[in-house]
4 protein chains.
Amino acid sequence: MTPTPERRRELLATAAEVFAAQGYNATTVRRIADEAGMLAGSLYYHFDSKESMIDEILSTFLDELWQGYDEVLAAGLGPRETIEALVTESFREIDRHRPAVAIYQKESRRLAAQPRFAYLADSQTKFEKAWLGTLERGVTEGVFRDDLDIRLTYRFVRDTVWVAASWYRPGGHHSPEEIARQYLSMVLDGIALRT
Amino acid sequence: MTPTPERRRELLATAAEVFAAQGYNATTVRRIADEAGMLAGSLYYHFDSKESMIDEILSTFLDELWQGYDEVLAAGLGPRETIEALVTESFREIDRHRPAVAIYQKESRRLAAQPRFAYLADSQTKFEKAWLGTLERGVTEGVFRDDLDIRLTYRFVRDTVWVAASWYRPGGHHSPEEIARQYLSMVLDGIALRT
Amino acid sequence: MTPTPERRRELLATAAEVFAAQGYNATTVRRIADEAGMLAGSLYYHFDSKESMIDEILSTFLDELWQGYDEVLAAGLGPRETIEALVTESFREIDRHRPAVAIYQKESRRLAAQPRFAYLADSQTKFEKAWLGTLERGVTEGVFRDDLDIRLTYRFVRDTVWVAASWYRPGGHHSPEEIARQYLSMVLDGIALRT
Amino acid sequence: MTPTPERRRELLATAAEVFAAQGYNATTVRRIADEAGMLAGSLYYHFDSKESMIDEILSTFLDELWQGYDEVLAAGLGPRETIEALVTESFREIDRHRPAVAIYQKESRRLAAQPRFAYLADSQTKFEKAWLGTLERGVTEGVFRDDLDIRLTYRFVRDTVWVAASWYRPGGHHSPEEIARQYLSMVLDGIALRT
DNA sequence: TATGAATGAGACTTCATTCAT
DNA sequence: GATGAATGAAGTCTCATTCAT
């Protein structure tokens, strides 16, 4: 017999995979159960509700994400190095939690309206503060261009990184670090050939 | 009062707005009807089904998108100018069809599996051919960097542009052309200050 | 412009055809209107309701049927001749009112439960009295066999005649009189060859 | 309590009873559920749809019917004995599956148009081949009269038998075999007294 | 007379959830 | 831990009917 917390994790992984592929609303609890080789009702021995599944998936992911981010932000790096470290850390998270990230991308905005998922909005705020702050510091310190709308830049960098979760497949050609390197190269230096 | 095709368009605009805000599955037909000031059943005088609404929204949008793209692609521009024109055209579409674009982003992958929405997959293929081809041409002609994974670059540019639909609000600070200009500047030349 | 009562009759004929083919419940008012070249709502200028249509179809048919039957029954014929005349008259009605007869066969039992259609039950009673009475008279007078359950015989003769409405097509190989002749021959003398 | 396949059969029996009494279209799924002592939605644990219920009712009935018919047809009996055996078998089926037979009578023609119910048309064809063939053989062999339209005779015999399902009540005065005997006597020898 | 648009009741169906075994 | 069966709320859709034009 697999012990309880192990089984939970397995089931959540299954659920996350299905949520990511089909969307939360379009996913039936029965579909998850099928995938896990049990009947729909049996899931309720492990979880309170369908909502508590996505809740646990998202909060677990965000906890881990912020552990990594906080370490980077506390390291006292320069703006460019901070951005590089955050991007790299982000792609590592995508590698580890791809389904959770995909779910986060698609469902976060709607869920954040419910009190239960207030932490999503909080995270969003912290997130913006971290990235936007670093970019602004970079402009001030003359590392980043000052002729761009800074909020546009923020969204550009943010989206650039996270949307990758929609196509990324672990075990592909590139390691997360390699992808991070190329993305950073594009974001920082552009794709046009310097003449 | 309002003539028939006009009413259809109004109702589709309403539906698109709600679909974009809540997601297709989370949107009830009653919600759309409420928004339109009628009863749920009344919608079925105008449309066959909820599905046919999203179908018409997406196909109308894609038709218009490809009209613009095809014009650009037929103009015989150089790779860099083609990319610039495609990006600008894309932001114009986002400006005109923001809800449709947002729906496309969120629901496209799941819908494409259904035969009825096969055109979504077709469009995806054409899309990739146009962008990827232009990028490859650019590398060959020495306009774009050749040290990047070209598929990664394609996804980078593609996502960067279209995710904008999730935060873009028409009538905001920047015109679509201005946003396009800044995006292109970031994508082509990077956000780092040249030294 | 066609005068009102004429148009009514046309519309009822159309409705009867559709009711007979699809069943009353399975027939939508819109289908009838389509067939008549108008919109569903327009039918309500001519009729109060869908129910009033089937009502008028059935009562018109029964009125005419009983006109014929009453004449036969008042003619003072012998039992065998009465049966022959009733059967012949019945096939004539099927020829003239095929859809109405088919509807009567399929819907009568359910409708008869409603007060509005009480006349259906009345007709049924009169019908049974006429046929069963004639058969009994025939047994008494030594014209019909006395070794058969008389109610079974009644049902046999009744069903034999009326079910024909389900396959009969006016303008086919046989005239109603010819069909009546053959049916009577079978019912009275059997299909086995006498030895 | 009751094991699964048993429950299915019970529910189908309930549904068949209601379909036969009210007609398929006029029967609500809620009515069936009421009759079965459960809520409407609960039926969907056992069946895919209302349509799949009538499908299973009809196909089960036809399967059993053809088992009996095929046995008779394979027995190598003479035409008259074959007809006798088919009629007797038919009344036994009516006795066992009265609601299914009644449903078949009322709904078959409309349903047969749908691909899902193609087997109804197939059965109809096989049915005609069996009966018409036997009658023709009887005429050739001099057992049945040759002065009748054979197709008319076929319809006469066919309808005569099956319409009985509309009034037959199991456990009544006559056993199916007794009814078959009297019907055959009427069909073969007629109801007129021989002189 | 007929149209176009809508109403409102009610149908079939889905699905998260519960619970005795 | 899991099953089988059910609940009940809610969702999509149908359709007879109404009514201003």
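No value in this document is a laboratory result; all are computed from the given coordinates. In this text, all values refer to a predicted model and were calculated from it rather than measured experimentally. Cβ sites come from the backbone with ideal geometry, for glycine too, and all protein chains shown count toward neighbours.
Approximating the spin labels as points 7 Å out from Cα along Cα→Cβ, the D:Arg194-to-C:His174 distance works out to 2.4 nm. Distances from B:Ala21 to itself in the other copies, using label points 7 Å out along the Cα-Cβ axis, amount to 3.3, 4.6, 4.9 nm in increasing order. For the residues A:Thr125, A:Thr27, A:Thr134, a GNM of chain A with alpha-carbon springs under 10 Å puts the largest fluctuation on A:Thr125. Residue by residue, region A:101-108 carries 3J(HN,Hα) couplings of 5, 4, 4, 3, 4, 7, 9, 3 Hz when phi is fed to the Karplus relation 6.51 cos²θ - 1.76 cosθ + 1.60 (θ = phi - 60°); x denotes Gly or Pro.
Measuring between their Cα centroids, region B:24-41 and region B:125-195 lie 37 Å from each other. Farthest toward the positive end of the dipole of the protein assembly as shown, out of B:Thr195, C:Ala40, B:Ala118, is the Cα of C:Ala40, where the dipole comes from beta carbon charges about the Cα centre. Partner aspartates and glutamates whose Cα lies under 13 Å from the Cα of D:Lys106, excluding those fewer than 8 positions away in the same chain, are identified as C:Glu107, D:Asp159. Largest GNM mean-square fluctuation among A:Leu77, A:Leu11, A:Leu148, using chain A with Cα springs under 10 Å: A:Leu148. For chain B, set up a GNM with springs between Cα atoms under 10 Å and report which of B:Phe91, B:Phe61, B:Phe117 has the largest fluctuation. Highest fluctuation among the options: B:Phe117.
The share of C-alpha pairs in chain B whose separation exceeds 23 Å stands at 49 percent. Backbone phi angles across region B:156-170, fed through the Karplus curve with coefficients 6.51, -1.76 and 1.60 (θ = phi - 60°), yield HN-Hα couplings of 4, 5, 4, 5, 3, 6, 6, 4, 3, 4, 6, 10, 5, 10, x Hz in residue order; Gly and Pro are listed as x.
Per-residue mean of foreign Cβ neighbours for A:182-188 is 6 (Cβ atoms of other chains, 10 Å radius).
Got a sec? Which residues in region A:59-88 would a label at A:Thr125 touch, if it sits 7 Å along Cα→Cβ and we count backbone N under 19 Å? Zone members listed by number: A:59, A:62-63, A:66-67, A:70. Dividing the helix sum by the residues of chain C, where each DSSP H run of 4 or more adds -39500 (n - 2.57), gives a mean residue ellipticity at 222 nm of -24000 deg cm²/dmol. Put a plus charge on the Cβ of each Lys and Arg, a minus charge on the Cβ of each Asp and Glu, and nothing anywhere else: the dipole of chain B about its Cα centre is then about 520 debye.
Placing unit charges on the Cβ atoms only, positive for Lys and Arg and negative for Asp and Glu, gives region B:143-195 a dipole magnitude near 120 debye about its Cα centre. Approximating the spin labels as points 7 Å out from Cα along Cα→Cβ, the D:Ala118-to-A:Arg116 distance works out to 4.7 nm.
The tail of the calculated P(r) for region B:40-125 beyond 23 Å holds 33 percent of all Cα-Cα pairs. From the alpha carbon centroid of region A:53-119 to that of region D:54-116 is 66 Å. Scalar couplings 3J(HN,Hα) for region D:84-98, obtained by applying the Karplus form with A = 6.51, B = -1.76, C = 1.60 to θ = phi - 60°, are 4, 5, 5, 4, 4, 4, 4, 5, 5, 5, 4, 5, 7, 10, 3 Hz; x denotes Gly and Pro.
Taking max minus min of the alpha-carbon positions on each principal axis, the protein assembly as shown gives extents of 126, 76, 49 Å, largest first. Summary value for region A:49-189: 35 percent relative contact order, contacts being C-alpha pairs under 8 angstrom separated by 6+ residues.
With its label point put 7 Å out from Cα toward Cβ, C:Arg110 sits 0.7, 3.8, 3.9 nm from the same residue's point in the other copies, in order from shortest.
Averaging the sequence gap over all C-alpha pairs within less than 8 Å and six or more residues apart, then dividing by the number of residues, gives region B:20-127 a relative contact order of 29 percent. Quick check: from the Cα gyration tensor, does region A:91-195 come out rounded (a/c under 1.5), prolate or oblate? Here region A:91-195 falls in the oblate category. Apply 1/(1 + (r/R0)^6) to the Cβ-Cβ distance of B:Glu71 and C:Ala75, taking R0 = 56 Å, and write down the FRET efficiency to the nearest 0.05. Working from the Cβ atoms, E equals 0.05. Computed from point charges on the beta carbon alone (+1 for Lys and Arg, -1 for Asp and Glu), the dipole magnitude for the protein assembly as shown about its Cα centre is near 560 Debye. Look at the dipole of chain C built from charges on Cβ: of C:His174, C:Leu184, C:Val29, the Cα furthest out on the positive end belongs to C:Val29.
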